[in-house]
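Peer 1: Have a look at the structure that comes next, please.
The values are calculated or read from the model by the stated rules, or taken from the named source; none is laboratory data. Only a predicted model underlies this, so the values are computations on that prediction, with no experimental measurement involved. Positions of Cβ are generated from backbone atoms using ideal geometry, with glycine treated the same way; all protein chains shown enter the neighbour counts. All accessible areas refer to the heavy atoms of the entire protein, side chains included, with ligands and DNA or RNA removed. Shrake-Rupley method; radii C 1.70, N 1.55, O 1.52, S 1.80 Å.
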Amino acid sequence: MKIMLNGEDYETEASTLRQLLDELHVAVERVAVELNLTIVRRADHDSTYIKENDAVEIIHFVGGG
Amino acid sequence: MQDNLVIKGIEFRSRLWVGTGKYKNFEETARAIEASGADVVTVAVRRVNITDRKSENLLDFVDQKKYKILPNTAGCYNVEDALRYSRLARESGVSDMVKLEVIGDERTLFPDTIGLLKATEILAKEGFMVFPYTNDDPIMAKRLEDAGAVAVMPLAAPIGSGLGIRNPYNLKIILEAAKVPVIVDAGVGTASDVAIAMELGSDAVLLNTAIAGAKDPIMMASAMKHAVIAGRLAYKAGRIGRKLYATASSPIEGML
């Protein structure tokens with residue numbers, strides 16, 4: 001299935017957000033996730049399904065002033 | 001004598017707050033913030049690098065038991081983006097605090113204070129501890145305070161400019177009027193700038209480039225640590241007045 005991940009086309013096997021994060025080997029406790037511009041709480045990653053053409057954003061912290 | 005800064009019941013051990021940007025690597029970042037004695041470090045919110053997932057994470061080098069994380073909204077040029085970045089930062093679970101930036105112009109990185117005020121109002125209502133990065137404008141500082149900011153962060157000079165305290169008189173007016181802590185943010189170049197900010201009565205100083213861009217960032221971090229302490233003590237001790245003519249320090253009595 002094709003989704004938009006962090007602004008780029010991405011092909012995924014995942015059907016939930018949690019599976020997507022696992023597929024990407026992203027440490028869940030260090031990131032925040034947005035699905036189609038709405039923040040999805042960590043507790044809801046498992047129960048949140050993604051579908052074709054969804055826009056997913058995964059952010060974390062980087063050095064900044 | 002205990003002289004810690006307290007904001008909304010949270011105690012801050014150091015009056016020097018530092019950024020984590022522009023360092024060579026995370027090891028240097030960690031050593032510099034350690035040397036600075038800071039207990040608040042700012043971070044930026046950015047996309048995870050999907051193609052290079054093994055890359056190290058900043059938070060692996062910043063012990064959250066030792067440091068309070070203050071996410072910023074750097075790079076946001078409108079209210080919507082600033083709200084979005086703030087909410088994402090909070091969702092990541094490290095902090096309810098946000099260093100709120102709504103930038104008005106790329107060359108100066110001066111704040112768009114109209115947008116800043118709107119965003120402050122909204123985020124304060126959502127329960128954020130909002131630290132707005134603002135201009136050295138006493139009226140706007142008051143407005144931000146009324147809008148629910150837990151502190152105000154007037155700039156000393158443009159971000160990363162190293163120009164130092166350009167308008168001590170406005171800062172003085174902001175400090176006299178403020179009911180919330182005033183944290184001078186951005187534009188300092190060296191230790192004396194930090195000392196001046198603290199001697200004026202600022203509650204803390206936040207800086208990044210002055211340390212990260214120094215030839216020896218670790219040594220400069222230590223210099224900044226001492227400058228904040230020296231400036232704070234001088235402010236509390238109460239400096240002597242300025243006079244045009246000399247007053248002898250040694251007695252006339254007993255002279256031959």
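Peer 1: When the accessible area of chain B is computed with all protein chains present and a 1.4 Å probe, what percentage of it is carbon and sulfur?
Peer 2: Working: 6780 of 12760 Å².
Exposed carbon and sulfur together represent 53 percent of the surface.
Peer 1: On to the next question. Could you name the lysines whose alpha carbon sits less than 28 Å from that of residue A:51, not counting residues in the same chain fewer than 8 places away?
Peer 2: Straight-distance partners of residue A:51: A:2, B:54.
Peer 1: Can you give the % of DSSP beta bridges in the protein assembly as shown that are antiparallel, to the nearest 5? Spell out each step's value before the answer.
Peer 2: Values: 21 of 46 bridges.
Percentage antiparallel, nearest 5: 45.
Peer 1: So how much accessible surface do B and A hide from each other in total, probe 1.4 Å, in square angstrom to the nearest 100?
Peer 2: Values: alone 13990 and 4660 Å², together 16110 Å².
What B and A bury together is about 2500 Å².
Peer 1: Could you put B:226, A:45, A:60 in order of accessible surface area, largest first, with the 1.4 Å probe and the full protein assembly present?
Peer 2: So the residues, ranked largest to smallest area, are B:226, A:60, A:45.
Peer 1: Based on the Kirkwood radius over alpha-carbon pairs, what value in µm²/s does the Stokes-Einstein equation return for the translational diffusion coefficient of the stretch B:91-169 at 10 °C and 1.306 mPa s? Mind showing how you got there, number by number?
Peer 2: Numbers: Rh = 13.0 Å.
D, rounded to a whole number, is 122 µm²/s.
Peer 1: Which stretch or stretches of the stretch A:1-35 have amide N atoms under 12 Å from the point lying 7 Å from residue A:43's Cα along the Cα→Cβ direction?
Peer 2: No residues fall inside that zone.
Peer 1: Follow-up. Place a label point 7 angstrom from the Cα of residue B:68 along the Cα-to-Cβ direction, then list the residues of the stretch B:203-221 whose backbone nitrogen is under 16 Å away.
Peer 2: Taking a point 7 Å out along Cα→Cβ of residue B:68, the residues of the stretch B:203-221 whose backbone N falls under 16 Å are B:203-207.
Peer 1: Residue B:66: which aspartates and glutamates have alpha carbons under 13 Å from its alpha carbon, excluding same-chain residues fewer than 8 sequence positions away?
Peer 2: B:11, B:34, B:39
Peer 1: Where does each of B:199-205, B:31-37, B:231-237, B:165-171 land if you order them by average Cβ count within 10 Å, highest first? Mind showing how you got there, number by number?
Peer 2: On the way: B:199-205: 22.6, B:31-37: 21.0, B:231-237: 15.9, B:165-171: 17.6.
Listed from highest to lowest mean packing, they are B:199-205, B:31-37, B:165-171, B:231-237.
Peer 1: Pairwise over distinct Cα atoms, reciprocal of the mean inverse distance: report the Kirkwood radius of the stretch B:137-256 in Å, one decimal place.
Peer 2: Working: mean 1/r = 0.0635 Å⁻¹.
Result for the stretch B:137-256 stands at 15.7 Å.
Peer 1: So how do B:114, B:196, A:3 rank on accessible area, 1.4 Å probe, biggest first, that is with the largest at the start? List each step's numbers first, then the result.
Peer 2: Working: B:114 115, B:196 75, A:3 0 Å².
The ranking, largest first, comes out as B:114, B:196, A:3.
Peer 1: Also, I was wondering about something else. Which FRET efficiency value, to the nearest 0.05, is calculated for residue B:57 and residue B:105 with the Förster distance at 22 angstrom and r the Cβ-Cβ distance? If you can, show how the numbers build up before the last one.
Peer 2: Details: r = 32 Å, r/R0 = 1.45.
Efficiency for this residue pair is about 0.10.
Peer 1: Quick check: the angle from helix B:168-177's long axis to the longest principal axis of chain B, C-alpha only, nearest 10 degrees?
Peer 2: Between helix and principal axis, roughly 80 degrees.
Peer 1: Rounded if a/c is under 1.5, else prolate if a/b is larger than b/c, else oblate: which is the protein assembly as shown, with a ≥ b ≥ c the root eigenvalues of its Cα gyration tensor? Working shown, then result.
Peer 2: On the way: a/c = 2.69, a/b = 2.05, b/c = 1.31.
Prolate, because a/c is 1.5 or more and a/b exceeds b/c.
Peer 1: Using the 2.2 N^0.38 Å rule of thumb for compact globular proteins, work out how chain B stacks up: its C-alpha Rg over that value, please.
Peer 2: Taking N as the residue count of chain B, the ratio is 1.08.
Peer 1: Considering only protein heavy atoms, with the full assembly of protein chains and a 1.4 angstrom probe, order B:253, A:23, B:56 by accessible area, largest first. Let's see the in-between values first.
Peer 2: Values: B:253 170, A:23 55, B:56 110 Å².
Greatest to least solvent exposure: B:253, B:56, A:23.
Peer 1: Could I ask something else about it? Dividing the convex hull volume of the alpha carbon atoms of chain A by its residue count, what do you get in Å³ per residue? Let's see the in-between values first.
Peer 2: Details: hull volume 6.0 nm³, N = 65.
Looking at chain A, the number lands at 93 Å³ per residue.
Peer 1: Could you calculate the FRET efficiency of residue B:2 with residue B:226 from 1/(1 + (r/R0)^6), where r is the beta carbon distance between them and R0 is 22 Å, rounded to 0.05? Could the numbers behind the result be given before it?
Peer 2: Details: r = 19 Å, r/R0 = 0.88.
E between residue B:2 and residue B:226, to the nearest 0.05, is 0.70.
Peer 1: What number comes out for accessible area per residue over the stretch A:2-60 if the probe is 1.4 Å? Units Å², please. Can you show the working numbers first?
Peer 2: Working: 3170 Å² over 59 residues.
Ligands and nucleic acids excluded, the figure is 54 Å² per residue.
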